[in-house]
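Asks: Let me give you the structure first, and then I'll get to my questions.
The values are calculated or read from the model by the stated rules, or taken from the named source; none is laboratory data. These figures come from a predicted structure and were not determined experimentally. Here the Cβ positions follow ideal geometry from the backbone for every residue, glycine too, while neighbour counts run over all protein chains shown.
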């Protein structure tokens, strides 16, 4: 390669003197132009010069096409796939949402009728209420992952920490659908389910019966002589959707928290031990502040994922959403309207609203993560948006509690309790608000009655809105006209003096405590007690970890134990191994599951390979040079990261039907590759951008094309990150069952997850072959994990630390 003639990197390099042509060509890195120093305000000449410079760089970027035009070939497959299978279904969904359409070629334009009917539909708003309830409980369940991560991090041995990390990854690679089906089959079964047996044997059933009768008003659901039907009773189906998967270990969250905790130096813990800091203070003062960012990210992802997903609820409750549809989430509501009621246009409107809600929540979450960096006007706009959402949620009776939560978040507490402002107009306005709110509470003032006297258009509507939002408006009026607003200045000064005195007292006490700690540490019997307490704490720490691991591995244990039982052995001793072992169950499961396992292996492998190839090429395009249209295409990829894929399922089904791809493996491969490469591009772009640019420049001097740079520089260096992304993509493709459930009909072409779902739905179940089928569906993922275990764990934790 060194003997080839050097190729100029841009137009100016060809006009340089011959003596300078052999020098390395400095290529401007992507985004470098965005770091130019801004001109001073009011400098007209500087502004004009900046505009000319922008125009020059814009022209220079367009001239790069002459020498680097082939780089567009790297992003071309990505553009085709996302345009065809992501943006076209989204645009088609927007278009058909204005029609009365049943999926056929005949449709009737109805304007905004679908959206109006959707706003009036109480079941639709109830689906969001159910999603928010499940999401909030999922946030509570994150506490187990946090406690486990802290316990593992405090283990002294690095080998023990690595062992625990590996053990907690194994439940994560098991197909999520298999875990759900095991809970549905074993734990929630009414007559002999493990959950009812556990509650009765421990006496907790009586406690639940007392709570249900005296506090919840549920009657005798948990009566001692009854077996609660967790998935068959309207009041119990929602708790079942919440408690499944106990102890909610959240392996991905555990690894993320561990990656953050690894940055804590051991010297900090040694200093804390010297100061006599207990284990709880270490958590609150050292560990928790460090992992707050990862906790917030997991929290946001959990809530948003619950709102836009329907897979687990579909597996537990079916398309009907349980008895009476009480656990219908928005995505499941859309699927039912589309494929059961044949109201495709209406379902498209549901998908559009779901997309807007998810994108709004993600935007607000971004503001929340960057709250300290926002300006005062930006914070005011965010609070105004939250206040508008709160009032809109309260208009829908099913979402009133969501409105109250948003209202409490939107209140500017710092503005109310902060430094007082001296404006007389503002003071008078606040006193007026306080008077109106207090008078409204006391019944002296009746704003709705006053609005009834308004003769202007809209007065009746305004009165109805005020009556509906009366509790919230009363609260706001009093909150923004707080009585202590008048006295907070002297109170703030008094509190400042008290705070300073308290700080001095704390300093003195801390010094005294340190002195006493050193003195007590030398007493022999205290040394013995401290040593025993430390051993007890270490034992409790490891016991807690193994307790969580035992429950995490319980579905795997039950799956293997029951797979060699007959139905009679299962009913007699469901949780222990019995003889004789019936290995013929595996032979029966092999005949039922093997073809579908082969289909899933082919689909997942092909989709993963295509995803990695296309994503790496697109990542090279975005990271290598700042070409024309690169910013537009990058923003298009970022938008897709926020769009819920399931919202476009109805128009995507129509597209696949028009392309004659229904009931084909090609449809699953192409759709899987188009959706999977979005996240892969985001990850790989950061990696490619971190490769030293001197390597690219040296390759260009030697005359290497972009294809040669990709093969000889990027590809060899990208092995670890490609392995990690490939494993995650393979697992995601393997576990997907919503799209195959909709588009596949031929039994010979079904993926294994859909086959398992159909087997679990049979009225008469052969428990042994069924569990053996679950195990066979998990074996390929486990084998993949064994061969890529170190690579996967290292890439996952290092990526979390970098993020």
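Asks: Out of the residues in segment 92-115 that are at pLDDT 85 or above and in a loop (DSSP other than H, G, I, E, B), state the one that is nearest to residue 337 (Cα to Cα).
Replies: If we take residues in segment 92-115 being at pLDDT 85 or above and in a loop (DSSP other than H, G, I, E, B), then 97 is nearest to residue 337 (Cα to Cα).
Condition check ((1) over 30 Å from residue 331 (Cβ atoms); (2) modelled with pLDDT of 80 or more) across all residues:
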position: 267; (1), (2): yes, no
position: 271; (1), (2): yes, no
position: 284; (1), (2): yes, yes
position: 290; (1), (2): yes, no
position: 293; (1), (2): no, no
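Asks: If you go through segment 164-175 one residue at a time, do you hit one that is farther than 23 Å from residue 325 by Cα and either touching a strand residue (DSSP E or B) at 6+ places or on another chain (Cβ under 6 Å) or outside any helix (DSSP H, G or I) (or both)?
Replies: yes
Asks: While we're on this one: Against the definition (closer than 21 Å to residue 557 by Cα and modelled with pLDDT of 85 or more), how does residue 244 come out, yes or no?
Replies: Taking the combined requirement at face value, the residue satisfies it.
Yes/no per residue for (1) more than 19 Å from residue 246 (Cβ to Cβ); (2) modelled with pLDDT of 85 or more; (3) within 38 Å of the chain's Cα centre (by Cα); (4) part of a helix (DSSP H, G or I):
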site: 513; (1), (2), (3), (4): yes, no, no, yes
site: 529; (1), (2), (3), (4): yes, no, no, yes
site: 538; (1), (2), (3), (4): yes, yes, yes, yes
site: 541; (1), (2), (3), (4): yes, yes, yes, yes
site: 546; (1), (2), (3), (4): no, yes, yes, yes
site: 555; (1), (2), (3), (4): no, yes, yes, yes
site: 565; (1), (2), (3), (4): yes, yes, no, no
site: 574; (1), (2), (3), (4): no, no, yes, no
site: 581; (1), (2), (3), (4): yes, yes, no, no
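Each row is one residue, and each column tells you yes or no for (1) under 18 Å from residue 735 (Cα atoms); (2) assigned by TED's automatic domain parsing to the domain that holds residue 741; (3) outside any helix (DSSP H, G or I); (4) in contact with a helix residue (DSSP H, G or I) (Cβ under 6 Å, 6 or more places away or on another chain).
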residue: 606; (1), (2), (3), (4): yes, yes, no, yes
residue: 611; (1), (2), (3), (4): yes, yes, no, yes
residue: 616; (1), (2), (3), (4): no, yes, no, yes
residue: 622; (1), (2), (3), (4): no, yes, no, yes
residue: 633; (1), (2), (3), (4): no, yes, no, no
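Yes or no, residue by residue, for (1) at pLDDT 90 or above; (2) within 24 Å of residue 561 (Cβ to Cβ); (3) touching a helix residue (DSSP H, G or I) at 6+ places or on another chain (Cβ under 8 Å):
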{"site": "697", "(1), (2), (3)": "no, no, no"}
{"site": "715", "(1), (2), (3)": "no, no, yes"}
{"site": "732", "(1), (2), (3)": "no, no, yes"}
{"site": "735", "(1), (2), (3)": "no, yes, yes"}
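Asks: When you scan segment 766-803, how many residues do you find that are outside any helix (DSSP H, G or I) and at pLDDT 75 or above?
Replies: 1
Asks: Could I ask something else about it? I'm trying to understand the selection: among the residues of segment 536-563, which are closer than 20 Å to residue 154 by Cα and in contact with a helix residue (DSSP H, G or I) (Cβ under 7 Å, 6 or more places away or on another chain)?
Replies: Matches in segment 536-563: 537, 541, 544, 545, 548, 549.
Asks: So, in segment 322-356, how many residues would count as being surrounded by fewer than 24 Cβ atoms within 10 Å (Cβ to Cβ), touching a helix residue (DSSP H, G or I) at 6+ places or on another chain (Cβ under 7 Å) and not in a helix (DSSP H, G or I)?
Replies: Matching residues across segment 322-356 total 3.
Asks: Hey, among 636, 619, which residue is buried (at least 22 other Cβ atoms within 10 Å of the Cβ), at pLDDT 85 or above and out of contact with any strand residue (DSSP E or B) (no Cβ under 9 Å at 6 or more places or on another chain)?
Replies: Selected residue: 619, the only one of 636, 619 that is buried (at least 22 other Cβ atoms within 10 Å of the Cβ), at pLDDT 85 or above and out of contact with any strand residue (DSSP E or B) (no Cβ under 9 Å at 6 or more places or on another chain).
Asks: Just to be sure before I move on: is residue 183 crowded, with 20+ Cβ neighbours inside 10 Å, under 32 Å from the mean Cα position of the chain (by Cα) and not in a helix (DSSP H, G or I) in the structure I sent?
Replies: No; evaluated as a whole, the condition is false for this residue.
Asks: Of the numbered conditions (1) under 18 Å from residue 245 (Cα atoms); (2) more than 32 Å from the chain's Cα centre (by Cα); (3) modelled with pLDDT of 80 or more, residue 212 satisfies every one except a single condition; which is it?
Replies: All conditions are met except number (1).
Asks: Among the residues of segment 256-269, is there at least one that is without any contact (Cβ under 8 Å) to a residue 60 or more places away in the chain, part of a helix (DSSP H, G or I) and either under 14 Å from the mean Cα position of the chain (by Cα) or more than 26 Å from residue 513 (Cα to Cα) (or both)?
Replies: no
Asks: Is it fair to say residue 221 is in the same structural domain as residue 315 (by TED's automatic domain parsing), assigned to a loop (DSSP other than H, G, I, E, B) and either within 18 Å of residue 327 (Cβ to Cβ) or touching a strand residue (DSSP E or B) at 6+ places or on another chain (Cβ under 6 Å) (or both)?
Replies: Against the criterion (in the same structural domain as residue 315 (by TED's automatic domain parsing), assigned to a loop (DSSP other than H, G, I, E, B) and either within 18 Å of residue 327 (Cβ to Cβ) or touching a strand residue (DSSP E or B) at 6+ places or on another chain (Cβ under 6 Å) (or both)), residue 221 qualifies.
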